[in-house]
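**Student:** Sending over a structure as structure tokens; questions will come in a sec.
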Amino acid sequence: IFQKEGKSKRLNPERIKRLNDIGFFWSVEHKPQQKRTPFNQRLVELEEFKNEFGHCDVRYTFDDHASLSKWCSKMRNSYLELQTKGKTNGLNFEKVERLNEMGFVWSPKKRLGRRAFKKRESFG
């Protein structure tokens, strides 16, 4: 049903088909879904990052790895929800174990501790 000159009219099937063919959104609330990168592909990216930088602490400061950094942040948030609320949000214990095996940094506090420890080591 659409409005034309104050009167409601129905769209005929041909017009509906034509609108569907061009990707018309029938609801203003509808948003196209972003394509998600599969977990295994992100693990490969994380492994490549680790091979290049020697760690799995992907932060937003790595401009060339912004997408991976966002994913790592999402994994940290999902991990927190898994621990505190039991919500999986796509992250389960098997995936957590795989990330742990790679040396994934779950907590910013641990990250700070590692940096401070490395600085102490360098000063002897």
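The values are calculated or read from the model by the stated rules, or taken from the named source; none is laboratory data. If you're wondering where the values come from, they're calculated on a predicted model, not measured in any experiment. Heads up, the Cβs are rebuilt from the backbone with ideal geometry, glycines too, and the neighbour counts pull from every protein chain shown. Each accessible area value is taken on the protein alone, full model and side chains, heavy atoms only, with ligands, DNA and RNA left out. Shrake-Rupley method; radii C 1.70, N 1.55, O 1.52, S 1.80 Å.
**Student:** State, to one decimal in nm, how far the label point of ILE22 lies from the label point of VAL44, with both points 7 Å from Cα in the Cβ direction.
**Tutor:** If labels sit at ILE22 and VAL44, their model points lie 3.8 nm apart.
**Student:** Taking 7 Å along the Cα-to-C-beta vector as the label spot, tell me the ARG36-ARG59 distance in nanometres, rounded to one decimal.
**Tutor:** Once both label points are built, they end up 2.8 nm from each other.
**Student:** For ASP64, ASP21, write out the residues from largest to smallest accessible area, computed with a 1.4 angstrom probe and no ligands counted.
**Tutor:** Accessible-area ranking of ASP64, ASP21, largest first: ASP64, ASP21.
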